[in-house]
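Below is one structure, written out as structure tokens; comments come after it.
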């Protein structure tokens, strides 16, 4: 299994501000977790290229790209949560470029899978706005790049604990991109209700799975086994992209969930199973959130093992209290995905 690990020293130079939870130590913890697990030598280390202007403009407005570029060499706040530092624009270019490069190499057959350890994260960035710690929408840029290369079905799974508003809005009218998000709700950024299913020809290709707080490995296994897996099989993507946020970890300072590394291994397994059809195993995982350093180290290693093809002990689906939640999912989504009515 040819799996790449994308990383670059520039990602440590993005400074979101004093005391900010999205800090360089996150990447240090992830790399150390992978190293301690003995996985580093099995991963191809690749330094990312910068995203091109053309690649960024498939997702972002010209004005937004210019605004982010204008922060180079200075500190520039976008909102109360999101700030650029002198090197943030350079980091953001390579964060998006890591994903497009990984998409290219996977589609060209040079790699089977990739894990992009990037900062700043991306899934909250809108076409015309930086927000939620995010400057450019890395996964959306990667998905748009895959479409530009001629793919007809791209699956984006987002298991960050926060809803990826930017990714949803980028593709909500596009039936070629299936966006599936599991997230705490109601929670930041306030989007991602079950009834948000896309618009126009993209109706049904946005799948939001809002969850109450406190959900752990068994509850996530049930949601992903009962809902995500059958929809993904029915869609049969040609490429799978994953917004891999590790902030549903139990004890994460910004979130109310209770996943462990076993839960993250299970989520990765379902995502990779979704790539077993037309995608021929092709998958790119991209770091989003996650702010507990131990959680990042353990969960990142669990996902790296899954990408390398190691099988983890299965997680037993649990949570009878989830019955009304899961039935609600079926009721809203089955008109678009009849497999859920079986």
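Coordinate-derived values only; no laboratory data. Note that the structure is predicted; figures quoted are calculated from it, not measured. Reconstructed Cβ throughout: ideal geometry from the backbone, glycine too, with neighbour counts over all protein chains shown.
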Of the residues in segment 1-17, how many are assigned to a helix (DSSP H, G or I) and loosely packed, with under 14 Cβ neighbours inside 10 Å? 1
If I filter segment 270-291 for residues that are over 14 Å from the mean Cα position of the chain (by Cα), buried (at least 24 other Cβ atoms within 10 Å of the Cβ) and in a helix (DSSP H, G or I), do I get at least one hit? no
Restricting to segment 148-168, and then to whatever is in a helix (DSSP H, G or I) and touching a helix residue (DSSP H, G or I) at 6+ places or on another chain (Cβ under 9 Å), can you tell me which residue is farthest from residue 217 (Cα to Cα)? 148
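I want to confirm something. Restricting to segment 169-188 and keeping residues that are in a loop (DSSP other than H, G, I, E, B) and touching a strand residue (DSSP E or B) at 6+ places or on another chain (Cβ under 7 Å), which single residue is farthest from residue 327 (Cα to Cα)? Even if it seems obvious, please write down each step before you answer.
Within segment 169-188, the first condition is being in a loop (DSSP other than H, G, I, E, B), and the residues that meet it are 172-176, 185-188.
Filter once more, so that each one left must be touching a strand residue (DSSP E or B) at 6+ places or on another chain (Cβ under 7 Å): 172, 176, 185.
On the way: 172: 23, 176: 26, 185: 17 Å.
The qualifying residue farthest from residue 327 (Cα to Cα) is 176.
A quick yes/no check of all residues on (1) farther than 28 Å from residue 147 by Cβ; (2) touching a helix residue (DSSP H, G or I) at 6+ places or on another chain (Cβ under 7 Å):
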site: 59; (1), (2): no, yes
site: 70; (1), (2): yes, no
site: 81; (1), (2): yes, no
site: 93; (1), (2): no, no
How many residues of segment 33-57 are farther than 27 Å from residue 301 by Cα and either free of Cβ contacts under 8 Å to residues at least 12 places away in the same chain or surrounded by fewer than 17 Cβ atoms within 10 Å (Cβ to Cβ) (or both)? The answer is 4
Among residues of segment 216-234, those that are more than 16 Å from residue 158 (Cα to Cα) and out of contact with any helix residue (DSSP H, G or I) (no Cβ under 7 Å at 6 or more places or on another chain), counted: 2
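Here's the yes/no breakdown for (1) under 27 Å from residue 300 (Cα atoms); (2) crowded, with 24+ Cβ neighbours inside 10 Å:
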site	(1), (2)
159	yes, yes
162	yes, yes
182	yes, yes
186	yes, no
213	yes, no
216	yes, no
219	yes, yes
234	no, no
247	yes, yes
From the list 69, 140, 90, pick out the single residue that is buried (at least 24 other Cβ atoms within 10 Å of the Cβ) and farther than 22 Å from residue 269 by Cβ. 140
Restrict the check to segment 256-263 and report whether at least one residue is in contact (Cβ under 8 Å) with a residue 24 or more places away in the chain, touching a helix residue (DSSP H, G or I) at 6+ places or on another chain (Cβ under 6 Å) and surrounded by fewer than 18 Cβ atoms within 10 Å (Cβ to Cβ). no
